[in-house]
Amino acid sequence: MRTFDAKGITLQSMNKKVILIIIVLMSTALIGLAVIQFAWIKWQVDLNEKAFEDKVTMVLNQVKHNIEEDFKKREESTDQFTFKSPTKKSIVDKILNPKNEDFRTRQLRKEFSSTSFFLAPKEKLELIDLEKLDGYIKDELQNQDIDIDYDYGIYSNEDKNFLIVNGNFYVGVIGGSSNLDTQDDNKGLYSSNYDISLFNTDTKSPGSLKIYFRNKTGYLWSKVWFSLMSSILFTSLIILCFAYVVWVIFKQKKVSEMKTDFINNMTHEFKTPIATISLATDSITSDKIIHHEEKIRRFAGIIKQENKRMLNQVEKVLQMATIDKEDFKLRLSQIDLHELISQAARNMSLKVDKRGGKLDTSLQAEKYIIEADQNHISNILHNLLDNAEKYSPEKPEIHISTKNTKNGIQITISDKGLGMSKDALKNIFDKFYRVHTGNRHDVKGFGLGLSYVKALVTAHKGTVNVKSDLGKGSSFILNLPYKQ
């Protein structure tokens, strides 16, 4: 038997190690898969950002081209009007020397003042048509399928500030700074990387066109939203399924261990009565006993008693199998709960008194007639009292009390026995589970009693709870309704 236990422990330890290795490997694989998926999605975002930058560069180049084309057309139209005079030089001389100028000269001065021929570099920026600029940017962004909020501005290198912001002239440069610095919505224009120099053909560029996209990061991630959500969803499903499988494995492993204990206990429980019956049978058939009727009756009584004991154990197992399949029907009737409690207390008091302990009752419920299955309720009370006696020290102290609740009656069975740890409390109603009793080996059973109690109380639409402190005792609290 010791060899079997040692092998069993070794096998269980090996199984636990294998399970832990599988968990570590699967966890590593899941983490690696998640990292690879995120890296792949990030790579997609980076590609989208590169494509986005290329599109914005095309937009800026085309807008610049359109602005400068407008100025060229204005110069050409002015040249056609102006150069009908004999020479360009003579016209210029008249404009530059306003003495004795006639109406025609004044008209030429006015026309030339609106052209780029005599404009300073900064003045070119100031003469940009606001409506056309706004239209160019909108059209080009639309052509490139860029649908995102943006700000734009014309920046002057001379003033170190913006002259135009979002289709409006900005006025009010004070000491080289601007109120624009304090506007959170436009701060991004200063640091934007999307810009292009304007009017930089022969001389130094007077300024540049800048565009700032307010939510570029969100826009880029929205392009991979479906892939991202799909990855998160399926990865989460895999993790949940894996966690559930691990939970089931440990649950089944625990059940398997409890079943092994159950089989060992059942074997031990059956071995004793079988051995007793075998001895009694041998005694009856011996020549010394066979002619003594009184001794034969005595040994026959022992055989009957041990046989009944085995039948009760088998009945418990078969009963739990029936309960598991929910293949049972309650035989409901009006029962006197106080009478059942008193009867169970009288039966148990024999064992308690024999061990020098005491069992008392405090039946304070005024309404104690309930609708229930008398046989099952009686078994529930006997199981709880039997546990209270078995798991108590040398002198058991057991107390039974009742009181009425809003919808039924509450029964409390308390003892001052060994008590249970918090870990044990989580499993005491599981089938085959038995609380470890340390060095005490005299506590027998199959681990079916409390499982039976839980199943039958639930079948009666009631509840059962337990309060326990290790070394101080336990209290089982039953709540049963008046009617089903």
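The values are calculated or read from the model by the stated rules, or taken from the named source; none is laboratory data. Computed from a predicted structure; not experimentally measured. Because the Cβ atoms are built from the backbone with ideal geometry, glycine has one as well, and the counts that use them run over all protein chains shown.
Put simply, of Asn479, Asn465 the only residue that is modelled with pLDDT of 90 or more and surrounded by fewer than 16 Cβ atoms within 10 Å (Cβ to Cβ) is Asn465. For the residues Ser414, Ser451, the requirement of being among the polar types (S, T, N, Q) and at pLDDT below 85 singles out Ser451.
Summed over region 45-59, residues that are closer than 14 Å to Gly218 by Cα and in contact (Cβ under 8 Å) with a residue 24 or more places away in the chain total 4. Every condition in (1) touching a helix residue (DSSP H, G or I) at 6+ places or on another chain (Cβ under 8 Å); (2) not assigned by TED's automatic domain parsing to the domain that holds Asn193 is met by Arg214 except one, and the failing one is (2).
Here is a yes/no grid of residues against (1) at pLDDT 90 or above; (2) outside any strand (DSSP E or B); (3) small (Gly, Ala, Ser):
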position: Ile409; (1), (2), (3): yes, no, no
position: Ile428; (1), (2), (3): no, yes, no
position: His436; (1), (2), (3): no, yes, no
position: Gly447; (1), (2), (3): no, yes, yes
position: Ser475; (1), (2), (3): yes, no, yes
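If you go through region 139-161 and keep only what is without any contact (Cβ under 8 Å) to a residue 24 or more places away in the chain and within 24 Å of Ser205 (Cα to Cα), you end up with Lys160, Asn161. Among the residues here, Lys64 does not qualify as closer than 30 Å to Ile137 by Cβ, exposed (fewer than 12 other Cβ atoms within 10 Å of the Cβ) and either in the same structural domain as Asp147 (by TED's automatic domain parsing) or modelled with pLDDT of 80 or more (or both). Please indicate, with yes or no, whether at least one residue in region 305-314 is of a type in the set (A, V, I, L, M), at pLDDT 80 or above and either loosely packed, with under 14 Cβ neighbours inside 10 Å or within 39 Å of the chain's Cα centre (by Cα) (or both). The answer is no; no qualifying residue exists. Being exposed (fewer than 13 other Cβ atoms within 10 Å of the Cβ), within 48 Å of the chain's Cα centre (by Cα) and outside any loop (DSSP other than H, G, I, E, B) is a property that Ser333 has. From the list Lys295, Lys254, the one residue that fits, being more than 28 Å from Asp46 (Cα to Cα) and surrounded by fewer than 15 Cβ atoms within 10 Å (Cβ to Cβ), is Lys254. One residue alone among Ala365, Ala388 is at negative phi, small (Gly, Ala, Ser) and in contact with an Asp or Glu (Cβ under 9 Å, 6 or more places away or on another chain), and that residue is Ala388. The sole residue among Asp282, Asp287 that is farther than 30 Å from Tyr152 by Cα and either in the same structural domain as Trp43 (by TED's automatic domain parsing) or not in a helix (DSSP H, G or I) (or both) is Asp287. In this structure, is Glu76 of a type outside the set (Phe, Trp, Tyr), over 31 Å from the mean Cα position of the chain (by Cα), outside any helix (DSSP H, G or I) and at pLDDT below 80? Answer is no for this residue.
Residues are listed down the side, and each one gets a yes or a no for (1) at pLDDT 75 or above; (2) touching a strand residue (DSSP E or B) at 6+ places or on another chain (Cβ under 7 Å); (3) of a type outside the set (Phe, Trp, Tyr):
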{"site": "Phe262", "(1), (2), (3)": "no, no, no"}
{"site": "Asn265", "(1), (2), (3)": "no, no, yes"}
{"site": "Thr272", "(1), (2), (3)": "no, no, yes"}
{"site": "Thr276", "(1), (2), (3)": "yes, no, yes"}
{"site": "Leu279", "(1), (2), (3)": "yes, no, yes"}
{"site": "Ile284", "(1), (2), (3)": "yes, no, yes"}
{"site": "Lys288", "(1), (2), (3)": "yes, no, yes"}
{"site": "Glu293", "(1), (2), (3)": "yes, no, yes"}
